[in-house]
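Below: one structure, written as structure tokens.
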């Protein structure tokens, strides 16, 4: 699993735990107090909705098929795979770009 997908998975699990905690509070009607202040149940309903949605989004990103955040092609590159429409960059242009980056050729042109 790539680091970005692992991050999405771990974040989704943590947010799922938070969502379950809010759900349990709503289902069992548990009161939350800090000192003399009491938090309304509506905050847990909102917390359940937000944490649940973010958790679902994280799981979708972690297990998405196809192109994920780290699989995307660089901006400006061609990704078309239609017949006869391959990349327009010639091998000579690629070698020139590579040489411009300070790279050394390991094979003859």
Return yes or no: is residue 25 modelled with pLDDT under 95, assigned to a helix (DSSP H, G or I) and in contact with a helix residue (DSSP H, G or I) (Cβ under 7 Å, 6 or more places away or on another chain)? no
Lone unmet requirement of (1) at pLDDT 70 or above; (2) closer than 23 Å to residue 8 by Cβ; (3) part of a loop (DSSP other than H, G, I, E, B) for residue 74: (1)
Do we have residue 16 as assigned to a helix (DSSP H, G or I) and within 19 Å of the chain's Cα centre (by Cα) here? yes
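Would you please name the residue that is farthest from residue 1 (Cα to Cα), looking only at residues in the stretch 46-65 that are out of contact with any helix residue (DSSP H, G or I) (no Cβ under 6 Å at 6 or more places or on another chain) and surrounded by 13 or more Cβ atoms within 10 Å (Cβ to Cβ)?
50
Would you mind finding the one in 68, 84 that is in a loop (DSSP other than H, G, I, E, B), surrounded by 10 or more Cβ atoms within 10 Å (Cβ to Cβ) and modelled with pLDDT under 95?
68
The values are calculated or read from the model by the stated rules, or taken from the named source; none is laboratory data. For clarity, every value in this text was computed on a predicted model and none was experimentally measured. Methodologically, a virtual Cβ is constructed for each residue, glycine included, from the backbone with ideal geometry; neighbour enumeration extends over all protein chains shown.
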